[in-house]
1. Round to a whole number: what % of the accessible area of the range 1-112 belongs to carbon and sulfur, probe 1.4 Å?
2. Using a Gaussian network model of the chain whose springs link C-alpha atoms within less than 10 Å, name the residue from GLN13, GLN39, GLN76 with the highest mean-square fluctuation.
3. For the chain, what is the calculated [θ] at 222 nm in deg cm²/dmol (nearest 500), taking -39500 (n - 2.57) for each run of four or more DSSP H residues and dividing by its residue count?
4. Given springs between every Cα pair under 10 Å in a Gaussian network model of the chain, which of ASP32, ASP56, ASP71 has the largest fluctuation?
5. How big is the equivalent ellipsoid of the chain along its three axes, where each semi-axis is √(5λ) from the Cα gyration tensor, reported in whole Å from largest to smallest?
6. Could you calculate the contour length gain from ARG37 to LEU69, that is, 0.36 nm times the residue separation minus the distance between their Cα atoms, to one decimal place in nm?
Amino acid sequence: RATSVWSGVYTTQQADAGEKIYFARCSTCHGDELEGREQAPALGGPQFLDSWHGRDLRRLLDRILTMPLGDKPVTQAEAVELGAFLLRSYEMPSGSTPLPADRALLSAITFERAKP
C-alpha cells in the first residue's frame, strides 16, 4: 500500500538542509519563491501540484537528480533534502522518520496535491 506525502514522510532537519541547498544551488533558475524563471519551471503553485499529483516520490527525486543542467548535479542525499524542502513548501507535514534515499521506498510514497 502506498503512503501519502501527507503522512509525515520527511523530517524538519531534512527540509532545513534542503532549503539551504535550494537557495545555494537552485533559486538562481527556479526563483526565490519557487516561481520559475525563463526556461526553469516553477516548483511552486497549482501547476506543479497538478503535474506531480499521483506520481511517486522516486520519480520526483529522479528529476531532481538531473539538476542543475550543465553543472555538477546534486547528490542523492542533496536530492532527498531538496525533496523534503519542496514537501514543506506545500505545507505537507513533517514527521519523525526521514525521507528515504532508497528508490524502492520512495516508489511507495505518493505525491498528492491535497490532503486525502
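The values are calculated or read from the model by the stated rules, or taken from the named source; none is laboratory data. This structure is a prediction, so every number in the text was calculated from the model and none was measured. These area figures cover heavy atoms from the full protein model, side chains too; ligands, DNA and RNA do not enter into them. Shrake-Rupley method; radii C 1.70, N 1.55, O 1.52, S 1.80 Å.
1. Details: 3220 of 6130 Å².
Result for the range 1-112: 53 percent of the exposed heavy-atom area is carbon or sulfur.
2. The residue that fluctuates most here is GLN39.
3. Working: 6 runs with 48 residues, N = 116.
After summing the helix terms and dividing by residue count, I get -11000 deg cm²/dmol.
4. Comparing ASP32, ASP56, ASP71 in the GNM, the peak value goes to ASP71.
5. On the way: eigenvalues 85, 48, 36 Å².
Each semi-axis is √(5λ); the values are 21, 15, 13 Å.
6. Numbers: separation 32, 0.36 × 32 = 11.52 nm, distance 1.40 nm.
Result for the pair: 10.1 nm of gain on full extension.
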